[in-house]
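Let me begin by presenting the structure, written as structure tokens, before commenting on it.
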Amino acid sequence: MDRETLSLLLKKFRQGNCTAAEKQLLYKWLDALEQDSADHIVLSDAEMQVIKQEMLQQLFPVPKRRMRLHFMRAAAVVLPLAIASYFIWQYQHHSADQQYATNSSWRTVQNTGQRLLRITLPDNSTVLLGRYSTLQFPERFSGIERPVKMLEGKAFFEIVTDQKHPFIVEDISGMRTTVLGTSFTVETNRTLQISRVAVATGKVKVQGTNNTSSILLPAQRLTLHGNVLVQDSISRDDLMAWRREEIVLRNATLKELLLIIWNNYSTTSTASLNVNQGNYTIRFPATMALPEVLDIIQKISYKPKIHFAMHKDQLSIY
């Protein structure tokens, strides 16, 4: 095929006037250039490259103006999709954080009834709030932490696991309990200056007012007496008994006994005895009337022997 015939066929091809046979000639010529076949007219390497590039450009012409138009059209489609995809990713990536994204007002719940009060928190964690106990928590958790405040009394917490947002319980003494997902109790009393955390499942970190911290595992308990932290153990059955409306004390001091009476009966007391003494073990239903409980304690007490006197709502211990 000579140059004149090739130019004519290329022109007809660009105009869309090539027959099927003529197209086959062009394809055959292109293949011959690729394979360096002896069937085609002998040309120099430079001439072959020029013709090859010319054929490719004419077989698949893309004018610059049209390329720019295609690019602009593609950009008009792809750019909004890219932007939308970014915001969708951001939404999905932070969907778990949305419940923590706004400032919230705080709710204060006080249990004045005779039974444990079940509360569902904004993250679906649950709290069993004891009698005469007060809990404060936000309407909607904000920020990285999920904070609640134990203002008075006792509560059992079952916390939904969220690795990114630790659950924080702070009581009136300033003691902070940090958890990721676990169950535990917190009790506190302003008058007796005592706070206590006990773990049923999982693991918690408890930080005292002097920035000292302890890690508690299941069946471990930490008690803050004033500024003194004391760690000991408690059986899971004794710990869970409170949920079953039972009160269990083992080797308890008089102060711990007073804490139980205060939390369960909302009765203030004064004592002429050393409240850090005593070794009391007792188990009774939480629904038992206070006079019956006091009578039992009075009978089993020794070193020191305890006597009670009730004046209106004030309990005297001597």
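Efficiency by 1/(1 + (r/R0)^6): what FRET value for residue 214 and residue 298, r their Cβ-Cβ distance, R0 = 45 Å, to the nearest 0.05?
On the way: r = 36 Å, r/R0 = 0.79.
Plugging the Cβ-Cβ distance into 1/(1 + (r/R0)^6) gives 0.80.
If you take every residue apart from residue 307 with its C-beta less than 15 Å away from the C-beta of residue 307, what net charge results, scoring Lys and Arg +1 and Asp and Glu -1?
On the way: positive: 299, 303, 305; negative: 295.
Computed value for this residue: +2.
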Handout entry: ³J(HN,Hα) computed for each position of region 121-134 - Karplus, 6.51 cos²θ - 1.76 cosθ + 1.60, integer Hz, glycine/proline x
Key = 7, x, 9, 6, 5, 10, 10, 9, 8, x, 4, 6, 10, 10
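Compute the Rg to Rh ratio over region 224-277 from the alpha carbon atoms, using the Kirkwood formula for Rh, and round to two decimal places. Spell out each step's value before the answer.
On the way: Rg = 12.4 Å, Rh = 12.7 Å.
Here Rg/Rh amounts to 0.98.
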Problem - Computed FRET value (nearest 0.05) for residue 106 with residue 193, which takes r as the C-beta separation and R₀ as 25 Å - result: 0.55
Completion exercise
A student applying the Cα gyration tensor rule (rounded when a/c is under 1.5; otherwise prolate if a/b is larger than b/c, oblate if not) would label region 161-318 prolate
Problem - Derived scalar couplings ³J(HN,Hα) [region 155-172; Karplus, 6.51 cos²θ - 1.76 cosθ + 1.60; whole Hz; x for Gly, Pro] - result: 8, 10, 10, 10, 9, 6, 5, 8, 4, 7, 10, x, 8, 10, 10, 10, 9, 5
Handout entry: Packing-based order for 133-143, 267-277, using average beta carbon neighbours within 10 Å, highest first
Key = 133-143, 267-277
Practice task
Name the shape class, rounded, prolate or oblate, that the alpha-carbon gyration tensor gives for region 116-198, where a ≥ b ≥ c are the square roots of its eigenvalues, rounded holds for a/c under 1.5, and otherwise prolate holds if a/b is larger than b/c and oblate otherwise.
Solution key: prolate
Practice task
Quick one: which residues, 5+ away or cross-chain, put their amide H under 5 Å from the amide H of residue 271? H built at 1.01 Å from N.
Solution key: 317
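Can you give the extra length, in nm with one decimal, that the chain gains between residue 290 and residue 240 once fully stretched, where that is 0.36 nm per residue apart less the Cα-Cα distance? Mind showing how you got there, number by number?
On the way: separation 50, 0.36 × 50 = 18.00 nm, distance 2.18 nm.
Taking residue 290 through residue 240 to full extension adds about 15.8 nm, to one decimal.
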Handout entry: Residue-by-residue Karplus 3J(HN,Hα) for region 190-205, coefficients 6.51, -1.76, 1.60, Hz, glycine and proline x
Key = 5, 5, 7, 6, 9, 9, 8, 10, 9, 9, 8, 9, x, 8, 10, 10
Handout entry: Size of electric dipole in region 215-318: Cβ of Lys, Arg +1 and of Asp, Glu -1, about Cα centre, debye, nearest 20
Key = 180
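Since every read-out is calculated from the coordinates, none of them should be taken as a lab result. Here the structure is a predicted model, which is why all the values come from computation and not from measurement. Here the Cβ is made from the backbone with ideal geometry for all residues, glycine too, and neighbour counts use every protein chain on show.
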